[in-house]
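Visitor: Take this structure first; my questions come after.
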Amino acid sequence: MWGSNARNAHPIFFHHALRGVANGALMWTIDPRRTDTAKFADHWLGLNVGSDIALAHGIAREIIAAGLTDEEFIENATSGFDEFAAFVEPWTLKHTSEVTGIPSGAIRDLSHAYATADKAQICWTLGITEHHTGVDNVQSLCNLALLTGHVGRWGSGLVPLRGQNNVQGGGDMGALPNKLTGFQDVEDDEARAKFEAVWGCPIPPTNGWNLTEMFEAMERDELKAVYCIGENPVDSEADAKHARAMIERLDILVVQDVFMTRTAEVADVVFPAALGWAESDGTVTNSERRVQRMRAAVPPPGQARQELEIINDLAAAMGDEGWGAPTPEDLWEELRKVSPMHGGMSWERLEAEGGIQWPCPSEDHPGSPFLHGRLWERPAGGRRAPFSCVENRPPLDELTDEFPLRLTTVRALDSYNTGVQTEHFASPIRTGEALSISVADAEALGVVDGERVAVSSRRGTIEMTVEVEEYLAVGLCHTTFHFPETTDINQITSDAVDPKAGTAEFKAAAVRVERLADGKLAGDRA
Amino acid sequence: MSTMVEITLDGESARVPEGSTILDACRRKGIDTPTLCWAENLTPVNVCRVCVVEVEGSRVLVPSCSRNVEEGMVVATDTERVRTSRRMVYELLASSVEMDRATPEVLAWMDHYGARPDRMGDRSEIVTQAQPVKVQDDLYVRDYERCILCYKCVEACGDDAQHTYAIATAGRGFDAHISTEHDVSLPDSACVYCGNCIGVCPTGALMFKTEHDMRDAGTWDESKQSVTTTVCSFCGVGCNLELHVQDERIVKVTSPADHSVTNGHLCIKGRFGWQHAHA
């Protein structure tokens, strides 16, 4: 488990992991914090925030140096090994230990255990991706799987745990600036022609912008109109002050959401929408690429309407009457025509089988429990899997005497993102927002548990309540971000982004904590 | 392909995979068998004895939920001795705890065997654990007067699913009861409110507060409820939710025990996070 607190963020996945542990699997947790997940692990490696690539390279170098690579797999299914081996050569156990803060022996033990295991998986979440090197971080983990052949086989693999019930499905459907449905390239003329024939309209031939690029385009006044569906960027974007300024600068903002979010409040037009999971029919796709039916159980309240109807009516109002009134099933059948990986998933099969994992190209195909099996064909099918020589680059928001503490954002078991959906139930375990700091830092600052403090970064200052946490590393502090209306963490989070993915570096801000003049204690915490 | 074992079940021969329990064999043959402490997503703890059957050569009745089949085994599931034993178990349990909020299956089996708990005496005089209902938060109600000590909640909270270990059996003999550590209140305990204990409780001793309050108000009406299976929205695992809806409002959330993702279990967000649908 690398950069993943699945015990809190993916509890039912973690039930399966714990069953594996009960059956004899060993679990390593790599996380700057000793998380609830780490407490179940055989070993916890508490690395410095943002030193993931260093650790991955250190593990890779040790596996190579100890002669534990899968030579047959590397020879037949990968490319760039020699260059990679030379690239990671400087990452000795000693050097890796210095950069990551993890003892050499622990890195060595993990390297040997991973390389010699019959089956091994690396599971990760936002601890890997919410960095300015997010894509590079993922590639550094892929290198380990390629070195050892722990990919493309039953029981082995690389497992990114998705944070939303359909973030996988959204990508599958082509809600990406460079992809059409089924991960076909927008800039591929042949692919586009296929879609144009089915959809009966031309498709712009060039890639669009990702979210970060959209905000940059707003700043340049190139993007003036936004139709925002089911997203609350005013609260959820890192450096929220800047995000709000950009959104308020738009000529027109249309928001379609189930709630009057803070983004909806600044919109010119709001379309109240039916809730996905309880008020709408359709499909969602989970982390294991399992397409499952979502079904309406209750009618949407008030003026809220099905999102499908809203979009169709909008098309009609814009002058295209040809969209008709398709049902979710009609849309699914259309999708099957253009997306080969969904081709075998009839609506009836999805109902009858309770979910099918893509790729599922034909109706007699059972679905695919894992990907990349082609790498084990001889000769390996398709393109060889490349090793990636990615540099370890520390977080962009540097620690200095002025901002000496590393702030990382985390998630609580009973809350979800900006709290829009979870604030409505009375959780007995909800403790509100607090800044957790180490015992040593609390002593050095002269602050006590429950004290209100000022937390400043290069972007701004907010007031928070301190929670002194045993076992937390010196120099590290953390907080959730579930209560933006009372504690707007994203006023101080880093505005650095990964240029490859556009993901913000929520996991690494540099902050300063100061006592308030009146030294007040929190009454009721926010 | 597993090895098959030949047994005789109610006079007919049956071939079942080695390692199956007698209960598995009964289900394969379509022989309906009552259970209380058994659940398909938990390890059998063999405490209720309501699933007992006769096995030739065995002096005592055997619990079908946890006895594995053996080659040549001769099993009878509906003899007078089995019926009497099952009826007695229901009568003894129901004479000491109130069963009127038990699952429909439990009530149907009691009816099937003609269980008459009152012949054991007046329940108000022999009840062993008279105590007030525990309502310590907005999500759970624990009414231990209805608890038959089947241990399912303990198993679901522990090794079989949740690994939280917030509850265990405390006390001995008549004092045996399900308790948090040092009997602290639930919000002060290790409980993380996944609701998986409530999900497996067969007698209504553990209940979601929404259901408990509606029952007390007389508005709980399962004949007016529909159940729709959908997918939870709170992470990417894809847990299936069964939304129990009455009068266009969600009143309870459960999860299908036979689904490969959840095995019937949920977390606090999936179990209770639905309230924004009616905000």
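Derivation of every value follows stated rules applied to the coordinates shown; laboratory data play no part. Computed from a predicted structure; not experimentally measured. Virtual Cβ from ideal backbone geometry, glycine too; neighbours counted across all protein chains shown.
Visitor: What is the spin-label model distance, in nm, from residue A:352 to residue B:122 if the labels are put 7 Å beyond Cα along the C-beta direction?
Guide: Distance between label points: 6.0 nm.
Visitor: Which one, B:153, B:48, B:191, has the greatest fluctuation when you compute a Gaussian network model over chain B with C-alpha springs under 10 angstrom?
Guide: Most flexible of the set in this elastic network: B:191.
Visitor: Step through the residues of region A:249-266 one at a time and calculate ³J(HN,Hα) from phi using the Karplus curve (6.51 cos²θ - 1.76 cosθ + 1.60, θ = phi - 60°), rounding each to whole Hz and writing x for Gly and Pro.
Guide: My calculation for region A:249-266 gives 7, 5, 5, 8, 10, 10, 10, 10, 7, 7, 10, 7, 6, 5, 6, 4, 4, 9 Hz in order.
Visitor: Another question, if that's okay. Per residue, how much space in cubic angstrom lies within the convex hull of the C-alpha atoms of region B:8-96?
Guide: 98 Å³
Visitor: May I ask you to evaluate 6.51 cos²θ - 1.76 cosθ + 1.60, the Karplus curve with θ = phi - 60°, for each residue of region B:196-207 and list the ³J(HN,Hα) values in order in whole Hz, giving x for glycine and proline?
Guide: 5, 5, 5, x, 9, 5, x, 10, x, 5, 9, 8
Visitor: Scan around residue A:422 for amide H atoms under 5 Å from its own, H built in the peptide plane at 1.01 Å from N, and keep only partners 5 or more places away or cross-chain.
Guide: A:416
Visitor: Continuing with this model, one more query. Set the Förster distance to 45 Å, then compute FRET efficiency between residue A:323 and residue A:426 from the Cβ-Cβ distance, nearest 0.05.
Guide: 0.60
Visitor: Further question on the same structure: Name the long-range amide H neighbours of residue A:78: under 5 Å, sequence gap of 5 or more, or other chain; modelled H, no Pro or chain starts.
Guide: Under 5 Å from the amide H of residue A:78 lie the amide H atoms of A:385, each far enough along the sequence or on another chain.
Visitor: Hey, another quick one. Once you sort the root eigenvalues of the Cα gyration tensor of region A:336-427 as a ≥ b ≥ c, which label holds: rounded (a/c under 1.5), prolate (a/b larger than b/c) or oblate (the other case)?
Guide: Oblate is the answer for region A:336-427, as a/c is 1.5 or above yet b/c matches or exceeds a/b.
Visitor: Can you pull the one-decimal nm distance between simple spin-label points at residue B:40 and residue A:66, each 7 Å off the Cα toward Cβ?
Guide: 4.3 nm
Visitor: List the residues, sorted by chain then number, that are 5 or more residues from residue A:149 or on another chain and whose placed amide H is less than 5 Å from its amide H.
Guide: Those lying under 5 Å, H to H, from residue A:149 are A:70.
Visitor: Quick check: pseudo-label points 7 Å beyond the Cα along Cα→Cβ at residue A:443 and residue B:170, how many nm apart are they?
Guide: 3.5 nm
Visitor: Right, something else. Could you tell me the calculated FRET efficiency between residue B:183 and residue B:68, based on Cβ-Cβ distance and R0 = 35 angstrom, to the nearest 0.05?
Guide: With a Förster radius of 35 Å, E is 0.40.
Visitor: Just for the Cα atoms in region A:405-515, what are the lengths along the principal axes, largest first, rounded to whole Å?
Guide: Principal extents (Cα only, largest first): 40, 37, 24 Å.
Visitor: Is there a simple number for the mean count of other chain Cβ atoms within 10 Å of the Cβ of residues in A:158-168, and what is it?
Guide: The shielding value for this peptide is 3.
Visitor: With the cut-off at 1.5 for a/c, could you classify region A:37-134 from its C-alpha gyration tensor as rounded, prolate or oblate?
Guide: Cα axes put region A:37-134 in the rounded bin.
Visitor: Still on this structure, I have one more. Which of the three applies to chain A, rounded, prolate or oblate, going by the alpha-carbon gyration tensor with a ≥ b ≥ c and a/c under 1.5 meaning rounded?
Guide: In terms of gyration-tensor shape, oblate.
Visitor: Let me ask another. Looking only at region A:167-357, where both bridge partners belong to it, what percent of the DSSP beta bridges are antiparallel (to the nearest 5)?
Guide: Antiparallel bridges: around 45 percent, rounded to the nearest 5.
Visitor: Please enumerate, by chain and number, the aspartates and glutamates with C-alpha under 20 Å from the C-alpha of residue A:94, excluding those fewer than 8 residues away in the same chain.
Guide: Partners found: A:31, A:52, A:62, A:109, A:391.
Visitor: Here is a follow-up. How much of the DSSP bridge set in the protein assembly as shown is antiparallel, in percent, rounded to the nearest 5?
Guide: 65 percent
Visitor: Using a Cα-Cα cut-off of under 20 Å, which aspartates and glutamates could be cross-linked to residue B:134, ignoring same-chain neighbours fewer than 8 residues away?
Guide: Within the straight-line cut-off, residue B:134 pairs with B:98, B:100, B:143, B:145, B:175, B:181, B:183, B:188, B:211, B:213, B:216.
Visitor: If you don't mind, there's one more thing I want to ask. For peptide A:412-424, how many partner chain Cβ atoms fall within 10 Å of a residue's Cβ, on average?
Guide: Per residue, the average neighbour count from other chains is 4.
Visitor: Short version: ³J(HN,Hα) in whole Hz for each residue of region A:321-331, in order, from phi by Karplus 6.51 cos²θ - 1.76 cosθ + 1.60 (θ = phi - 60°), x for Gly and Pro, what are they?
Guide: So the Karplus estimates, Gly and Pro as x, are 8, x, 7, x, 10, x, 7, x, 5, 4, 5 Hz.
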